[in-house]
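**Student:** I'd like to ask you about the structure that follows.
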Amino acid sequence: MMDEYSKAKRMADHSIRRAVLAGRYPYLTDLDSQPGMTDGLSSIDLGIREIPLQQIRGTRTKGRQTMFSYDFLPAAERDSEFAMKWNAVYAYQNKEGISEPIEAYEYLHSFYVQEGNKRVSVLKYLKAISISAKVRRILPSAEVLDQHPIYKEFLDFYKVCPLYEIDLHEKNAYRKLLRLLKKPADQPWPPADVSRLRSSFYLFQKIYLKLGYDPEHCADGFLTYLSAYDYEKIYSLSDKKISAQIKELDKELTMSKEGEKIKVLEKPTAEKSGMIDPLEKLSQLTKDKKLPVVDSLPKLSILEEKKLRIGFVYGSNVMDSFMDFDHELGRLQVQAEFKDKITTSKYENADDEEKLTEILKLAGKENDVVFTTSPLQFEETFRAAIRDKDVRYLNRSVYMKQNAVRTYDVRMYELQFLLGIIAAVYAKDHQIAYIADTPYYGSIASVNAFAIGASMIDPDSRVWLGWTESLDKDWQDQMRIIGIRTFCGPQHPDLHKDDLQYGLYVLEENGAVNIAQPVINWGVYYKKLIASILDGTYNKASVKEKATNYWWGISSGVLDINVSQSVPYPTRNLVSMLKEAMRKETIDPFYGEIRSNEKDIKGPYSAKLTFEEIITMRYLNSNVIGIIPEYSQLSEKGKQIYEKTGTGS
C-alpha cells in the first residue's frame, strides 16, 4: 500500500519542481488569499453537489497547505502520520468507495476545501472526475463581480442549469451554449436535462483528454464541438466517431489560449505583380524553346475550362435590402473583372437557420469559395466549413475566433469620424443625434469616432445617443424636447419609408435633407480577396493557431463618403484632406488623448488604440450623452443581433 503513496509522493515532488522552475507557488492556495476576499461577504448554502475535482484549487484557510503540491498530490514524507492516514483513505476508496461528501466553499467558480483534503487528494491521484461536496458559495462584492463578467454570466447560467463542470472562458459563451442547446435563459431545466448535459460533457471530456487536449479549456472545447455538431446526436455516436469529430476541430481546439487569438489583416496582402495564366506561361516557354514542341501534347482544354466557382449568400432578396444589394453589386463587379477566371452564383432569402443550413449545403457542393454576407450567418457558416473542408468560407463579421471561417468587415468608425466633422458644422445649437441599433463589436467605436470628429470642429458639441433596439425609448422624447435637427442614422434609407433619414441628415421644415452618406465598396473588397485566392497569397495569410480577420478601411480603397454639394466647400475640402490623410494612414481618431464620460482613457501623444481595444470598446466619449444598453434592456431582435454578432460587454 505504501507503494501507492510513494508513487503519489514522487508525482507531487515533480509538480513542485515544475512549479518552482516556472516561478509559481508550488503548494496549495487558500480562499483567504484570493482577490476580493474580505470579512463580511455574504454566502449561500447550495447543499450537496457533485463538483469537478479539476476546479478544486486549495483549502479554506491557511494551514497545512505544504502537505500537498499545488495540484493536491501528497507532499509529506513517506514515514509520516499524514502518509499513513492518506493510505487509509486510499484503501477505503479501493474497498468501499468514498461516499461521504467533503465540505467546500465556492468562490468565483473555484473550490476551497474545509473538510476532506485527503479524500480530494486520493481521488485526484486516481484521476477521478468529480466528488460529492457540501457547498457554500461566497458571494463576491459588486466591484469584484464587475471585474469578472464571465462569472456573472455563469451565475445566470447556474440559475437554470446547476452544473459546475461547464467552466467557460469567453464572454457571452454561456448565452451561446444556451442558444446552441435551444434552451431559454430564464427557465430552470428539468433535472433530467441537467443530468443529460453533465453526461454528454463527461463523454466528450473523456475522449477530449485522451486525445491530449488542454484540460483547463475542456468546456471551451465542448462549446466548440456543439458549434459544429448536433448536441441531440452525441449519445447515438460511438467513441470512435466522436473522436474523429474532435480531430476535425483540431485547429479550433489548438488555437492560442493565451494572448491574441486573431490574426488581423488591416490592409490587403501585397498582390503578386501580374497574375500569369498557366497556359500563357507554357506558350511562352515553348516559344523561347525552353520546352520542346510536341505535336501530341494535350490541348489542356480542362485547364481552360476550370474556373474558380464563388457563391454569395444573402439573407433576403437583393431587391428587398439595400445592404444585400450592395453585396450583389460587388458580386457583379468581380464577375466582370475576372470573367475568364471565375464564375459566381447568388443564393437569396437565407432568412432563418433552417433555410440558411440548406442553402449552405447547396452552395458548398456548387462552389470552391462561399461568402456569407451577414454576421448573423456566422454560426451556420462555421458548421458548413467544418463539414466542407475543401471549400473556403468567409463571413462578413469581425472579432470571431474560429479558424475554419475567415471573416471580413470594414473600419466603419473611420467614416463616422468624417461624418462627425460635417455634423458639427451644421449643428449651430451644438446638439447632434446619433442613432444606432445594437451594441455589437465595433459599434461603440463608431459612436466615439463620430463624437471625436464633432468635438474637433465644435468643442461644445453634444452627441445624444439613441438605440433603436433598446426597450427604453426615452431618448426619442429627449431628442424631440431638445429640438435636435442634425442626425446621424443608418447607412441606407428605409425601403418602407419615403424619406431621406439615413446617413447624415438635417431635419428641415419640409422634411429630412441628406447631406452625407458612408459608402462601402464591396466590389473593391471582393476583388482584392478573390485576387489573393487566384494568385496564392490568400493561403499565406493564415496562421494555424489563430483566426483570420480582414478589417479594411479607407487606406484599402473599400470605404468612401458621398458628400452633398450643399455642404460648404471649405468643409468638403477639409473632409477630402482628412480622407487622404487616412488613406496614407497618417491620422486616426483613436490616436492621442481620449476622454470618456468617467475617466481619461489615454493621454496626449499616446499611440493609436489596438484592434481589440477599438472593437471591444465599452465606454462613451466625454461629449456623448447616453448609455450602452445591457442585454436585458434590448428587444428580441436586439438580443439576437447581440448574441450572434458579439459584443464587448
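Taken together, the values in this text are just the output of simple stated rules run on the coordinates, not laboratory data. For clarity, every value in this text was computed on a predicted model and none was experimentally measured. Note: ideal-geometry Cβ built from the backbone for every residue, glycine included; neighbour counts use all protein chains shown.
**Student:** For region 400-445, just list the percent of Cα-Cα distances falling in each 5 Å bin from zero outward, please.
**Tutor:** With 5 Å bins starting at 0, P(r) equals 5, 16, 19, 20, 15, 10, 6, 4, 3, 1, 0.
**Student:** Express the relative contact order of region 540-613 as a whole percentage, based on alpha carbon pairs under 8 Å and six or more residues apart in sequence. Numbers along the way, then the final one.
**Tutor:** On the way: 46 pairs, mean separation 14.2, N = 74.
Dividing the mean separation by the residue count of region 540-613 yields 19 percent.
**Student:** Let me ask you something else. With the cut-off at 25 Å, tell me which of the pairs Lys233/Lys389; Lys247/Lys355; Lys341/Lys389 have Cα atoms farther apart than that.
**Tutor:** Working: Lys233/Lys389 21 Å; Lys247/Lys355 28 Å; Lys341/Lys389 22 Å.
Going by Cα-Cα distance, Lys247/Lys355 fall outside the 25 Å limit.
**Student:** Let me ask you something else. Restricting attention to region 457-521, which trypsin sites (Lys or Arg not before Pro) occupy a DSSP loop and are surrounded by at most 15 other Cβ atoms within 10 Å?
**Tutor:** Details: sites: Arg462, Lys473, Arg480, Arg485, Lys497; in loops: Lys473, Arg485, Lys497.
Sparse-neighbourhood loop trypsin sites (Lys or Arg not before Pro): Lys473, Lys497.
**Student:** Let me spell out the model: positive unit charges on the Cβ of Lys and Arg, negative unit charges on the Cβ of Asp and Glu, origin at the Cα centre of the chain. What dipole size does that give, in debye rounded to 20?
**Tutor:** Numbers: 89 positive and 92 negative charges, 475 e Å.
My answer is approximately 2280 debye.
**Student:** Hey, if you put +1 on the Cβ of every Lys and Arg and -1 on every Asp and Glu Cβ in the chain, which of Gln245, Pro35, Leu139 ends up farthest toward the positive end of that dipole?
**Tutor:** Gln245
**Student:** While we're looking at this one, here's another question. Exceeding 30 Å between C-alpha atoms, which entries from my cross-link table qualify? They are Lys159/Lys544; Lys176/Lys210; Lys152/Lys182.
**Tutor:** Numbers: Lys159/Lys544 37 Å; Lys176/Lys210 26 Å; Lys152/Lys182 21 Å.
Correct reply: Lys159/Lys544.
**Student:** Report the Cα centroid-to-centroid distance between region 216-252 and region 507-552 in angstrom, as an integer.
**Tutor:** A separation of 33 Å, based on Cα centres.
**Student:** Past the 15 angstrom mark, what percentage of all C-alpha to C-alpha distances in region 591-649 do you count? Please report the intermediate quantities before stating the final value.
**Tutor:** Working: 1026 of 1711 pairs.
Here the long-distance tail beyond 15 Å is 60 percent of all Cα pairs in region 591-649.
**Student:** Can you tell me, using C-alpha contacts under 8 Å and at least 6 residues apart, the relative contact order of the chain as a whole percent?
**Tutor:** Details: 1078 pairs, mean separation 74.2, N = 649.
Computed over the chain, the figure is 11 percent.
**Student:** Also, quick follow-up: Let me know the shape class of region 529-604, please: from the alpha-carbon gyration tensor, a ≥ b ≥ c as square roots of the eigenvalues, rounded when a/c is under 1.5, otherwise prolate if a/b is greater than b/c, or oblate. Walk me through the numbers on the way to the answer.
**Tutor:** Values: a/c = 3.19, a/b = 1.36, b/c = 2.35.
Taking the square roots of the gyration eigenvalues as a ≥ b ≥ c, region 529-604 is oblate.
**Student:** Moving on to the next point. Where does the chain land at 222 nm, in deg cm²/dmol rounded to the nearest 500, when only DSSP H runs of n ≥ 4 count, each adding -39500 (n - 2.57), divided by all residues? Let's see the in-between values first.
**Tutor:** Working: 23 runs with 258 residues, N = 649.
Counting only the DSSP helices, I get -12000 deg cm²/dmol.
**Student:** Still on this structure: Percent of alpha carbon pairs in region 456-541 separated by more than 21 Å? Before the final figure, lay out the partial values.
**Tutor:** Working: 1921 of 3655 pairs.
So the portion of pairs separated by more than 21 Å is 53 percent.
**Student:** Along the charge dipole of the chain, pointing to its positive end and built from +1/-1 on Cβ of Lys, Arg, Asp and Glu, which listed residue (Gly221, Ile457, Ser635) has its Cα farthest out?
**Tutor:** Gly221
**Student:** Sticking with this one: Once you charge only the Cβ atoms, +1 for Lys and Arg and -1 for Asp and Glu, what is the size of the charge dipole of region 506-570 about its Cα centre, to the nearest 20 debye? Intermediate values should be presented prior to the final figure.
**Tutor:** Working: 5 positive and 5 negative charges, 111 e Å.
Using Cβ point charges on Lys, Arg, Asp and Glu, region 506-570 gives about 540 debye.
**Student:** Using a ≥ b ≥ c from the Cα gyration tensor of region 120-161 (square roots of the eigenvalues), is it rounded, prolate or oblate, where a/c under 1.5 gives rounded and otherwise the larger of a/b and b/c decides, a/b for prolate? Mind showing how you got there, number by number?
**Tutor:** Numbers: a/c = 2.58, a/b = 2.20, b/c = 1.17.
Prolate shape, in that a/c is at least 1.5 and a/b is the bigger ratio.
**Student:** What is the distance in Å between the Cα centres of region 450-493 and region 92-154?
**Tutor:** What the calculation gives is 49 Å, centre to centre.
**Student:** Let me ask something else about it. Name the helices (complete DSSP H segments) of the chain with a Cα length along the long axis of 24 Å or more and a Kyte-Doolittle mean of at least -1.0, or state none. Walk me through the numbers before you get to the answer.
**Tutor:** Values: long enough: 2-22 (30 Å, -0.69); 191-210 (29 Å, -0.15).
Those that clear 24 Å and a mean of -1.0 are 2-22, 191-210.
**Student:** So which GluC sites (Glu not before Pro) in region 444-535 pass both tests, a DSSP loop state and at most 12 other Cβ atoms within 10 Å of the Cβ? The partial results should precede the final answer.
**Tutor:** On the way: sites: Glu469, Glu508, Glu509; in loops: Glu469, Glu509.
Listed in order of number, the matching sites are Glu509.
**Student:** Moving on to the next point. Select from region 14-57 those trypsin sites (Lys or Arg not before Pro) which occupy a DSSP coil region and have at most 10 other Cβ atoms within 10 Å, ordered by residue number.
**Tutor:** Working: sites: Arg17, Arg18, Arg24, Arg49, Arg57; in loops: Arg24.
When the trypsin sites (Lys or Arg not before Pro) of region 14-57 are filtered for loop state and at most 10 Cβ neighbours within 10 Å, Arg24 remain.
**Student:** Here is a further query. Pull out a ≥ b ≥ c, the square roots of the eigenvalues of the alpha-carbon gyration tensor of the chain, then state rounded if a/c is under 1.5, prolate if not and a/b is larger than b/c, and oblate in the remaining case. Numbers along the way, then the final one.
**Tutor:** Working: a/c = 2.22, a/b = 1.43, b/c = 1.55.
Because a/c hits 1.5 or more and a/b fails to exceed b/c, the chain counts as oblate.
**Student:** With only Lys, Arg, Asp and Glu charged, each at its Cβ (+1 for the first two, -1 for the last two), find how big the charge dipole of region 146-272 is about the Cα centre; round to the nearest 20 debye. Don't skip to the answer; put the middle values down first.
**Tutor:** On the way: 22 positive and 21 negative charges, 81 e Å.
My answer is approximately 400 debye.
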